[in-house]
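Contents: one structure, followed by commentary.
The values are calculated or read from the model by the stated rules, or taken from the named source; none is laboratory data. The structure presented is a predicted model; accordingly, all values stated were derived computationally and were not measured. Please note: Cβ atoms are built from the backbone with ideal geometry, for glycine as well, and neighbour counts cover all protein chains shown.
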């Protein structure tokens with residue numbers, strides 16, 4: 001059961017990243033507004049598309065690691081991934097984005113931490129099965 005929960009949490013993470021990447025590629029201005037950091041100039045859309053390419057890379061790597069069922073690396077990725085929504089929340093806050101946008105980023109932090117914990121539990125469970133304690 002725990003593996004199914006972990007799988008779904010990571011799958012949702014990968015799908016959301018892929019969606020954000022496509023959204024940022026197709027409509028950089030709207031994407032920036034949704035993320036809470038509106039563009040000052042339309043000439044800055046290339047920065048959003050740079051973000052999109054990196055986000056697509058993350059989605060593909062996470063998806064591939066999920067395909068391999070490498071929960072150990074995925075656990076670390078979810079934990080280290082907290083850096084992104086922390087930065088997003090701070091940037092949105094500094095840009096005077098609506099509170100709902102900042103809260104969305106904070107919820108993402110909680111989601112990633114919960115995902116990292118579930119994946120860690122899966123890894124520990126697998127390690128216990130692989131090397132049972134001698135009695």
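Just a few scattered comments:
- Failed item in (1) in a helix (DSSP H, G or I); (2) touching a residue at least 24 places away in the same chain (Cβ under 8 Å); (3) farther than 18 Å from residue 18 by Cβ; (4) in contact with a helix residue (DSSP H, G or I) (Cβ under 7 Å, 6 or more places away or on another chain), with residue 76 passing the rest: (4)
- Residue match in region 90-100 (condition: exposed (fewer than 14 other Cβ atoms within 10 Å of the Cβ) and farther than 22 Å from residue 48 by Cβ): yes
This table checks each residue for (1) surrounded by 15 or more Cβ atoms within 10 Å (Cβ to Cβ); (2) over 17 Å from the mean Cα position of the chain (by Cα).
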residue	(1), (2)
82	yes, no
88	yes, no
102	yes, no
107	no, no
126	no, yes
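- The one condition in (1) surrounded by 15 or more Cβ atoms within 10 Å (Cβ to Cβ); (2) under 19 Å from residue 98 (Cα atoms) that residue 25 fails to fulfil: (2)
- Tally, over region 28-67, of residues that are assigned to a loop (DSSP other than H, G, I, E, B) and without any contact (Cβ under 8 Å) to a residue 12 or more places away in the chain: 3
- Qualifying position, being in a helix (DSSP H, G or I), in contact with a helix residue (DSSP H, G or I) (Cβ under 8 Å, 6 or more places away or on another chain) and at pLDDT below 95, among 10, 101: 101
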